[in-house]
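Written below as structure tokens is the structure these notes are about.
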Amino acid sequence: MNSVVAEIEEIFEKHGQEHYGEGVSQIEHALQCAYEAKAAGAQESLIAAALLHDIGHLIELEKDDEFGIHRHNRSGAAYLARHFGPEVTEPVRLHVDAKRYLCAVEDAYFGCLSPASVHSLEKQGGPMSEEEVAAFRAQPGWEEAVSLRRWDDMGKVVGREVPNFAAYRSLLSGLVAA
Ligand SMILES: [Fe+2]
């Protein structure tokens, strides 16, 4: 197996049983998000981003000071940037902002958020202002981040059976920068 993929798999093995919240573990959430991305016909880089979007939560558990930033989207994207290109890292980096974006532009979106997401929205700065929306849309990968965000919201089904991490090994290997 590719050593980067093995390293990532080990991170999930070590910390994947941590609580994501809302009754699912981190690994269950990651696998459900990747499954939704694949089912939606997303390209491989975005399926990988969906699988790995919350890896910042897991690496912060063991490498807390290495990145010096306690925002899981940034620490996750920084970790992934060692191995993957921007088509993987940017949707990860922007997935928290994508929630603030969707709350600003879609009236129905806020109503779909889980209680935990509503709670964290406040800490994350609430819905974007008009200026923030424009700035968000100027960033490469913003549309992919919005797609990722929707799968993120769907990936919280207790007890749902989806393919395991091994199903994504070759996809991830193919994306690791040479
Ligand atoms: Fe998530």
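Would you kindly state how much longer the chain becomes between Arg137 and Arg82 on full extension, computed as 0.36 nm times their sequence separation minus their alpha carbon distance, in nm to one decimal?
Fully extending the segment from Arg137 to Arg82 adds 17.3 nm.
For region 47-165, list log₁₀ I(q)/I(0) at each q in 0.16 Å⁻¹, using the Debye formula over Cα point scatterers of equal strength and ignoring solvent, two decimals each.
Taking Cα atoms of region 47-165 as identical point scatterers yields -0.79.
Could you give the length gained on full extension between Asn2 and Ala116, defined as 0.36 nm per residue of separation minus the Cα-Cα distance, in nm?
Here the answer is 37.5 nm.
How many angstrom lie between the Cα centre of region 107-178 and the Cα centre of region 7-24?
Each part's Cα centre sits 17 Å from the other's.
For Arg74 and Val105, calculate 0.36 nm times their separation in residues minus their Cα-Cα distance, and state this gained length in nm to one decimal.
8.8 nm
How much area per residue is accessible in region 3-175 when the probe is 1.4 Å and only protein heavy atoms are counted (Å²)?
47
For a quick check, take a GNM of the chain with Cα springs below 10 Å and name the residue from His119, His72, His83 with the largest mean-square fluctuation.
His119
Which one, Gly76, Gly56, Gly85, has the greatest fluctuation when you compute a Gaussian network model over the chain with C-alpha springs under 10 angstrom?
Gly85
222 nm [θ] for the chain, helices only, -39500 (n - 2.57) per DSSP H run of 4+, per residue, to 500?
My calculation for the chain gives -19500 deg cm²/dmol from helical runs alone.
Net charge around Glu131, counting only other residues with Cβ within less than 15 Å of its Cβ (Lys, Arg = +1; Asp, Glu = -1)?
Spelling it out: positives minus negatives among the neighbours equals -1.
Take the solvent-accessible surface of the protein heavy atoms, probe 1.4 Å, and return the percent of it on region 3-175 that carbon and sulfur atoms account for.
With neighbouring chains kept in place, the figure for region 3-175 is 50 percent.
Could you check which residue among Ser120, Ser75, Ser45 shows the biggest mean-square fluctuation in a GNM of the chain with a 10 Å Cα cutoff?
In this elastic network of the chain, the residue with the biggest mean-square fluctuation among Ser120, Ser75, Ser45 is Ser120.
Pull up all non-local amide H partners of Ser25: gap of 5 or more, or a different chain, and H-to-H distance under 5 Å with H placed in the peptide plane.
Tyr20
The values are calculated or read from the model by the stated rules, or taken from the named source; none is laboratory data. Nothing here was measured: the structure is a model prediction, and the numbers come from that model. Glycine gets a Cβ as well: all are built from the backbone with ideal geometry, and neighbour counts include every protein chain shown. Heads up: the accessible areas ignore ligands, DNA and RNA and are worked out on the full protein's heavy atoms, side chains in. Shrake-Rupley method; radii C 1.70, N 1.55, O 1.52, S 1.80 Å.
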